[in-house]
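Only the coordinates and a few stated rules stand behind these numbers; no lab work does. Small disclaimer: the values here were computed from a predicted structure and weren't measured. Don't worry about glycine lacking a Cβ; one is built from the backbone with ideal geometry, like all the others, and counts go over all protein chains shown.
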Amino acid sequence: MASMSTILPLCLGLLLFFQVSMAQFSFGGSPLQSPRGFRGDQDSRHQCRFEHLTALEATHQQRSEAGFTEYYNIEARNEFRCAGVSVRRLVVESKGLVLPMYANAHKLVYIVQGRGVFGMALPGCPETFQSVRSPFEQEVATAGETQSSIQKMRDEHQQLHQFHQGDVIAVPAGVAHWLYNNGDSPVVAFTVIDTSNNANQLDPKRREFFLAGKPRSSWQQQSYSYQTEQLSRNQNIFAGFSPDLLSEALSVSKQTVLRLQGLSDPRGAIIRVENGLQALQPSLQVEPVKEEQTQAYLPTKQLQPTWLRSGGACGQQNVLDEIMCAFKLRKNIDNPQSSDIFNPHGGRITRANSQNFPILNIIQMSATRIILQNNALLTPHWTVNAHTVMYVTAGQGHIQVVDHRGRSVFDGELHQQQILLIPQNFAVVVKARREGFAWVSFKTNHNAVDSQIAGKASILRALPVDVVANAYRLSREDSRHVKFNRGDEMAVFAPRRGPQQYAEWQINEKESMSVFQPTHLDRQQSGEKLHNQEEEEEYDKWGQGGGTKDDSCGDDGGGNGS
């Protein structure tokens, strides 16, 4: 009994120490703190003035056999170099396969449209998808073949993941991954890679290492003018090894090694799989999957991060490996039923951060989906602990950004497929035009925090009336108007009807909206089947944020504001 009374407190103490250490080491502690300092390269440390921000469009398109990649001229822009982020847009045609690759830094991929399958080869994680030979196949196996468990396998690989429009996919640095379009329409994906993350110990440039094929030349920025690299420089990593060494290492013929090196492969980085991709996938017809289980194929209890498993002293053996292998790798932020903030006359906000998407603790990034209806307004705000990359998915909006000196560094329009970088702590306000406005904001912190200037959770609401009155030389009555006129709205504001009619309009709208009925879009995105082609086309349009219905709803969870 004495020994048990000594061991139990010891195990509990070790467990508490381990959890606190993990939180500090892996997850950065307070959301207002960042494990990184200045995010740009050393050369740009003293050049980050952010005096003029610019909205960018794709400037070059690189074709492959089954799609193309679009590049933005971000290297010429000081703000992107200082923020340490890189972007690109990928279009994959039906039956297109993005060849396996890995990168030197973490990245987030947002699926603008389409559906398909992706896979990641997480180091140390088991190949849980297995196809075993039937007894008859084992009987007819060749006489020289042993009957070990390995040779009974027809195939085995790590878990596959389906993706759909509106998904955010988290890709850790150095992890090999691939993507396949098994739908009928093209897949459009926008990628942001965080080259200033501590996971990247190379240099501030984006580097992708292909495991197959011969990627065609990409466009690199040198001395602020575009220059193409020689095709011979763009090869997969096998091409740099000696054929003899590869043949010995893989125990295959030199002819096979030459195929692996792909020196004469003209297809580029996106190839076409003519007969469709054959891989192990559970059949939905055999075993129906519930809505909440569509994040992955494993049972729900295995989808959530497993912080502790039995085994070892005090049950902590292989904890880090098991955490990585159990993480969900994608989260949908386009589902109206999962909105974090919703205003039926203004729009919706949906966040993906480390609170609801735990792998972002490792990625150290987050994403927010924002859809504004016609003429709606996103509250003026600043992001406390992150830079923001806006990618417009539909519509048009007016953006104003103000720096620390009170000067406007951007005042202009943004439209579909344009990007804009908003530096940390710079104040920004967004107003949708008549067709509405929809975008995705990528943040360089896993739990980005916005400080709002107007509305229910604003900095003005937190100040005493006398502070507001004296700071701005206002009467107490005017100070109360400044504090409370938008006091019933959070972040997303409905269009203002007039300075004297606003309070009365709000009361009338509340009475008329006492019961909220789900819209057509809401029902479709919550899992109901489409009944005809016209509805499907409408769903695709609105799912990309292209519409501005008065009863549009929200997304699915994590980050704050734009």
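Remarks
- Cross-link pairs beyond the 29 Å C-alpha cut-off, checked among 205/443; 205/254; 214/254; 431/456; 254/328; 95/214: 205/254; 254/328
- Footprinting exposure proxy ranking of 415, 164, fewest other C-beta atoms within 10 angstrom first, gives 415, 164.
- Likely footprinting exposure, 120, 365, fewest C-beta neighbours within 10 Å first: 120, 365
- Residue order for 379, 256, fewest other beta carbons within 10 angstrom first, comes to 256, 379.
- What separates the Cα centres of the range 50-117 and the range 387-416 is a distance of 20 Å.
- Computed extension gain for residue 76 through residue 405, at 0.36 nm per residue and net of the alpha carbon distance, reaches 116.0 nm.
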